[in-house]
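Peer 1: Right, I'll just put the structure down here and ask away after.
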Amino acid sequence: MSKSAAILFVHNEVDTIGWWLAHHATIGFSTLIVCDDHSTDGTLTALSNAATLYDIRVQSADTTLSTRLERQTRFHENALAQGHDEFDWMMILAADEYLHFETARSVAEFTANAPGTTIPVNWCLFGSSGRLTPSAFSPVETFIRHGLLSLPDHRVVRHLVQPRSLDTGLPDPFSALDKNAVWDEARILHFAASDRESFF
């Protein structure tokens, strides 16, 4: 059976991390590999608690690296390298990005007939949907208005990749800027704005 992993680097997302974990476990990722960048709001505790219920592999960011981007890049590179022989498919996501399938019921079903070793999935950007304050419900339920398919930002992609096929470097989210976005089979629901209070 196909094994898959979602990769997440996170900082201070205690209010929404549970929704992210639940969503990606529900759509069939076998494992969630999460690196906490020394959160101060309880995110690490929430991750540790969730790891008792599912295969969530929690790490802490490398403090010898001075910038968040350096720590994130190192973690992503290590996660893909370590998953080389264990996982058939892996995907790097952010805490405000949710992989969504239009017809497939799981990661395994979506990747079963993949034509290659990399599957690009376009962004779908959501706004505040008029919300002024945080919601008790998941982002998927809370934010329901998104930009038109033709929005240039939707050309940004996240990749489901077969780690054994990666030669060097990380998948490039800007590799499809010259192509129109396609949402026929899947989208990355990108909750970039959130509610007004959280955004500001």
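The values are calculated or read from the model by the stated rules, or taken from the named source; none is laboratory data. If you're wondering where the values come from, they're calculated on a predicted model, not measured in any experiment. Here the Cβ positions follow ideal geometry from the backbone for every residue, glycine too, while neighbour counts run over all protein chains shown. Keep in mind that these areas ignore ligands, DNA and RNA; they rest on the heavy atoms of the full protein, side chains included. Shrake-Rupley method; radii C 1.70, N 1.55, O 1.52, S 1.80 Å.
Peer 1: What is the number of the single condition among (1) farther than 22 Å from Arg105 by Cβ; (2) more than 14 Å from the chain's Cα centre (by Cα) that Phe9 does not meet?
Peer 2: Failed condition: (2).
Peer 1: Here is a follow-up. In segment 117-133, how many are open to solvent by less than 30 Å² (accessible area, probe 1.4 Å) and farther than 25 Å from Thr16 by Cα?
Peer 2: Total meeting the criteria: 1.
Peer 1: Continuing with the same structure: Listed residues Thr142, Thr133, Thr103, Thr117; which is polar (S, T, N, Q), over 16 Å from the mean Cα position of the chain (by Cα) and closer than 25 Å to Asn78 by Cβ? Steps first, answer last, please.
Peer 2: On the way: Thr142 fails: closer than 25 Å to Asn78 by Cβ; Thr133 fails: closer than 25 Å to Asn78 by Cβ; Thr103 fails: closer than 25 Å to Asn78 by Cβ.
Answer to the selection: Thr117.
Peer 1: OK, next. If you check every pair at least six apart or on different chains, which have Cβ atoms under 8 Å apart with a residue in segment 36-49 that is free of Cβ contacts under 8 Å to residues at least 12 places away in the same chain first and a residue that is aromatic (Phe, Trp, Tyr) and assigned to a helix (DSSP H, G or I) second?
Peer 2: Here the result reads none, with nothing in segment 36-49 linked to a residue that is aromatic (Phe, Trp, Tyr) and assigned to a helix (DSSP H, G or I).
For (1) assigned to a loop (DSSP other than H, G, I, E, B); (2) within 24 Å of His11 (Cβ to Cβ), each residue gets a yes or a no:
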| position | (1), (2) |
| --- | --- |
| Thr40 | yes, yes |
| Thr45 | no, yes |
| Tyr54 | yes, yes |
| Gln59 | no, yes |
| Ser66 | yes, yes |
| Ala108 | no, no |
| Ser128 | yes, yes |
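Peer 1: Are any of the residues in segment 169-177 among the polar types (S, T, N, Q) and closer than 18 Å to His23 by Cα?
Peer 2: no
Peer 1: Please work out which residue is least open to solvent (accessible area, probe 1.4 Å), limiting yourself to segment 164-200 and to residues that are outside any loop (DSSP other than H, G, I, E, B) and at pLDDT below 95.
Peer 2: Ser165
Peer 1: Another one. If you go through segment 85-106 one residue at a time, how many are under 16 Å from Val161 (Cβ atoms) and open to solvent by 70 Å² or more (accessible area, probe 1.4 Å)?
Peer 2: 1
Peer 1: State yes or no: is Thr63 open to solvent by 10 Å² or more (accessible area, probe 1.4 Å) and without any contact (Cβ under 8 Å) to a residue 60 or more places away in the chain?
Peer 2: Considered against the rule, which asks whether it is open to solvent by 10 Å² or more (accessible area, probe 1.4 Å) and without any contact (Cβ under 8 Å) to a residue 60 or more places away in the chain, Thr63 comes out as yes.
Peer 1: Thr45 - would you say it is open to solvent by 30 Å² or more (accessible area, probe 1.4 Å) and within 24 Å of Val140 (Cα to Cα)? Outline the logic, then answer.
Peer 2: Working: open to solvent by 30 Å² or more (accessible area, probe 1.4 Å): yes; within 24 Å of Val140 (Cα to Cα): yes.
In short, yes.
Peer 1: Being over 15 Å from His11 (Cα atoms), touching a residue at least 12 places away in the same chain (Cβ under 8 Å) and in a helix (DSSP H, G or I) narrows it down to one of Glu86, Glu77, so name that one.
Peer 2: On the way: Glu86 fails: in a helix (DSSP H, G or I).
So the residue among Glu86, Glu77 that is over 15 Å from His11 (Cα atoms), touching a residue at least 12 places away in the same chain (Cβ under 8 Å) and in a helix (DSSP H, G or I) is Glu77.
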